[in-house]
Amino acid sequence: MSSSTTSEKGSGSSQATFRFRCIACRSITGSAAQDFRCTECGNLLEITDSSWNSRNPTALKSLWRERRTLNEALDLSGVWRFRELLPVPASEEHVVTLREGNTPLYELPQSSRSTGVPRLYAKHQGMNPTGSFKDAGMTVAATFARQAGYRWVACASTGNTSASMAAYAARGGMRSLVLVPDGKISWSKLSQALDYGALTCQLRTDFDGCLRLLQELVRRAPVYQLNSINPFRLEGQKTLAFELLEQLDWETPDHIIVPGGNLGNSSAIGKALIEMLEIGLISRLPKLSVIQAEGANALVRTLREAGGKHLLSVQAETRATAIRIGNPASWEKAVKVLQATGGACEQVSELEIAQAKAEIGAEGIGCEPASAVTLTGLKKLLKRGFVKPEETVVLVLTGNLLKDPDFTMDFHRGDLFRGTAQESESARLTSFRHPPVVLDATLDAVIKTLEQAEKSDSTQKNG
Ligand code: F0G
């Protein structure tokens with residue numbers, strides 16, 4: 001088992017041109033310790049590479065497009081296809097890939113009509129191999145873990161990171177250790193980790209408690225941490241932005257709206273946008289906005305009440321368990337990208353999340369609750385006048401509908417808000433619910449049900 005620093009082996013090759021840079025004191029090193037923190041000031045590190053700025057944007061665009069027609073393992077990955085702007089391992093054989101990325105960009109015709117935004121798109125990261133956006137970062141970080149010779153990789157998670165890490169560890173021949181809050185993650189996500197062979201610990205704490213423990217663990221045991229504190233994760237997640245711009249034929253959207261939990265994804269997308277601008281791949285920045293659940297609104301409070309200067313953590317509570325995080329690790333990175341792109345930060349209620357999730361489901365694509373904050377966040381940003389109806393808006397859907405079937409079933413059966421303070425208010429969501437109907441197995445019963453559905457459809461249409 002290796003206990004060396006990441007750089008000795010991780011950045012390993014003599015050709016490696018990337019470096020680690022502290023986001024606060026800006027000191028640059030060729031190596032990173034196990035906790036991925038600056039040895040000078042203790043803040044988080046990011047990856048930088050002086051060779052990126054000398055890339056020719058026109059050549060990159062055509063190279064990346066051409067790779068979509070090729071069948072080489074690296075080109076089939078929607079992450080490694082963009083390797084000119086990523087840290088690359090010393091040898092291709094270290095790469096751990098499940099053909100991640102290459103996710104669809106959908107139009108949302110119904111939501112376009114209801115919001116009055118004709119150019120509204122969803123970039124569906126739930127269409128990744130393990131069903132969430134985590135795979136894009138995991139392929140890069142798992143590759144560097146493998147190159148460094150680690151036997152064990154580990155993460156704290158609200159479910160998706162653990163599912164993704166377990167899959168990539170399995171593919172890369174590594175063991176994985178998962179720390180999740182007991183009873184606060186969906187069974188679907190937990191079951192993925194089990195099936196992919198992770199050593200799964202359900203800890204009697206919340207996500208923030210799991211992450212704290214992991215930070216201590218990596219200082220004591222030779223395990224490689226794969227949380228989004230690991231800057232290789234964020235490098236892989238940058239590719240969402242590269243691929244999105246390619247899908248829009250390099251026409252920059254006005255807004256990108258993303259859910260915020262531990263704030264790694266918003267940081268990664270923002271980093272990619274800024275790098276694309278510097279290289280000349282785009283000529284202006286979209287505004288990147290972050291939406292949080294009201295019950296897990298640390299970034300909202302940090303910006304509104306502390307001017308983004310220090311973190312105001314919260315005791316997180318939301319049924320959107322993926323973003324049930326009160327002490328986001330990458331808050332400073334997120335504040336920086338929000339400021340750089342001019343984006344906003346909003347919070348949305350549990351009822352609003354449930355409604356938006358049903359609306360996205362009704363588009364035939366679906367998503368998990370945490371992803372749905374983007375649509376309801378858009379409505380708030382429209383109301384505030386921050387987004388204008390004539391602007392182009394991209395919602396980042398981070399997880400697949402199948403990630404949290406309990407939420408979906410509870411919603412449609414009318415049980416989601418039972419016994420909560422929102423129970424009576426939730427009655428207004430009835431028209432979004434499609435509960436299953438239990439019938440005798442007779443033709444008459446089915447025909448009668450069909451006729452009733454037809455009648456209620458036409459009543460709804462007419463008024
Ligand atoms: N959406 C989904 C579906 C997520 O799983 C997460 C985070 C987020 C949004 C928020 O992204 O943390 O980068 O701001 N899930 C993590 C996990 C924390 O452990 O799976 P973020």
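The values are calculated or read from the model by the stated rules, or taken from the named source; none is laboratory data. Everything quoted here is computed from the prediction, not taken from an experiment. Heads up, the Cβs are rebuilt from the backbone with ideal geometry, glycines too, and the neighbour counts pull from every protein chain shown. These area figures cover heavy atoms from the full protein model, side chains too; ligands, DNA and RNA do not enter into them. Shrake-Rupley method; radii C 1.70, N 1.55, O 1.52, S 1.80 Å.
To keep it simple, each residue is scored yes or no on (1) away from the ligand (no atom under 14 Å from the Cβ); (2) in a helix (DSSP H, G or I); (3) free of Cβ contacts under 8 Å to residues at least 24 places away in the same chain; (4) open to solvent by 50 Å² or more (accessible area, probe 1.4 Å).
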site	(1), (2), (3), (4)
F144	yes, yes, no, no
G149	yes, no, no, no
S164	no, yes, no, no
A169	yes, yes, no, no
V180	no, no, no, no
L190	no, yes, no, no
G197	yes, no, no, no
T200	no, no, no, no
Q215	yes, yes, no, no
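Of E346, E359, E363, all but one fail to be away from the ligand (no atom under 13 Å from the Cβ) and in a loop (DSSP other than H, G, I, E, B); the exception is E363. Could you tell me which residue of the range 37-92 is surrounded by the most Cβ atoms within 10 Å (Cβ to Cβ), considering only residues that are of a type in the set (D, E) and under 22 Å from R19 (Cα atoms)? Across the range 37-92, the extreme among qualifying residues is E46.
State whether one or more residues within the range 286-296 are within 12 Å of the ligand (Cβ to nearest atom), within 30 Å of F417 (Cα to Cα) and either assigned to a helix (DSSP H, G or I) or without any contact (Cβ under 8 Å) to a residue 12 or more places away in the chain (or both). Yes, some residue in the range 286-296 is within 12 Å of the ligand (Cβ to nearest atom), within 30 Å of F417 (Cα to Cα) and either assigned to a helix (DSSP H, G or I) or without any contact (Cβ under 8 Å) to a residue 12 or more places away in the chain (or both). Every condition in (1) open to solvent by 10 Å² or more (accessible area, probe 1.4 Å); (2) away from the ligand (no atom under 16 Å from the Cβ); (3) in a loop (DSSP other than H, G, I, E, B) holds for I274 except the one numbered (3).
Could we say that E363 is under 30 Å from G342 (Cβ atoms) and open to solvent by 40 Å² or more (accessible area, probe 1.4 Å) here? Against the criterion (under 30 Å from G342 (Cβ atoms) and open to solvent by 40 Å² or more (accessible area, probe 1.4 Å)), E363 does not qualify. Restricting the range 402-456 to residues that are of a type in the set (A, V, I, L, M, F, W, C) and within 14 Å of Q355 (Cα to Cα) leaves a set whose member that is most open to solvent (accessible area, probe 1.4 Å) is M409. Of all the listed residues (A156, A136), the sole one being open to solvent by less than 10 Å² (accessible area, probe 1.4 Å), touching a residue at least 40 places away in the same chain (Cβ under 8 Å) and near the ligand (Cβ under 8 Å from one of its atoms) is A156.
Looking only at the range 376-401, which residues are part of a loop (DSSP other than H, G, I, E, B) and either in contact with a helix residue (DSSP H, G or I) (Cβ under 6 Å, 6 or more places away or on another chain) or surrounded by 15 or more Cβ atoms within 10 Å (Cβ to Cβ) (or both)? If the condition is that a residue be part of a loop (DSSP other than H, G, I, E, B) and either in contact with a helix residue (DSSP H, G or I) (Cβ under 6 Å, 6 or more places away or on another chain) or surrounded by 15 or more Cβ atoms within 10 Å (Cβ to Cβ) (or both), then F386, V387, E391, T392, T398, N400 are the ones that fit. Among the residues here, K189 does not qualify as at pLDDT below 95 and in contact with a helix residue (DSSP H, G or I) (Cβ under 8 Å, 6 or more places away or on another chain).
Output the residue which, of all residues in the range 217-233 that are open to solvent by 10 Å² or more (accessible area, probe 1.4 Å) and in a helix (DSSP H, G or I), is nearest to the ligand (Cβ to nearest atom). Residue satisfying both the conditions and the ranking: L217.
Go through R212, R171, R119 for me and flag whichever is among the basic types (K, R) and within 30 Å of A90 (Cα to Cα). Every option except R171 fails the conditions. Taking the listed residues E352, E346, E363, E368, the one that is free of Cβ contacts under 8 Å to residues at least 40 places away in the same chain, within 23 Å of T115 (Cα to Cα) and of a type in the set (D, E, K, R) is E352, with no other qualifying.
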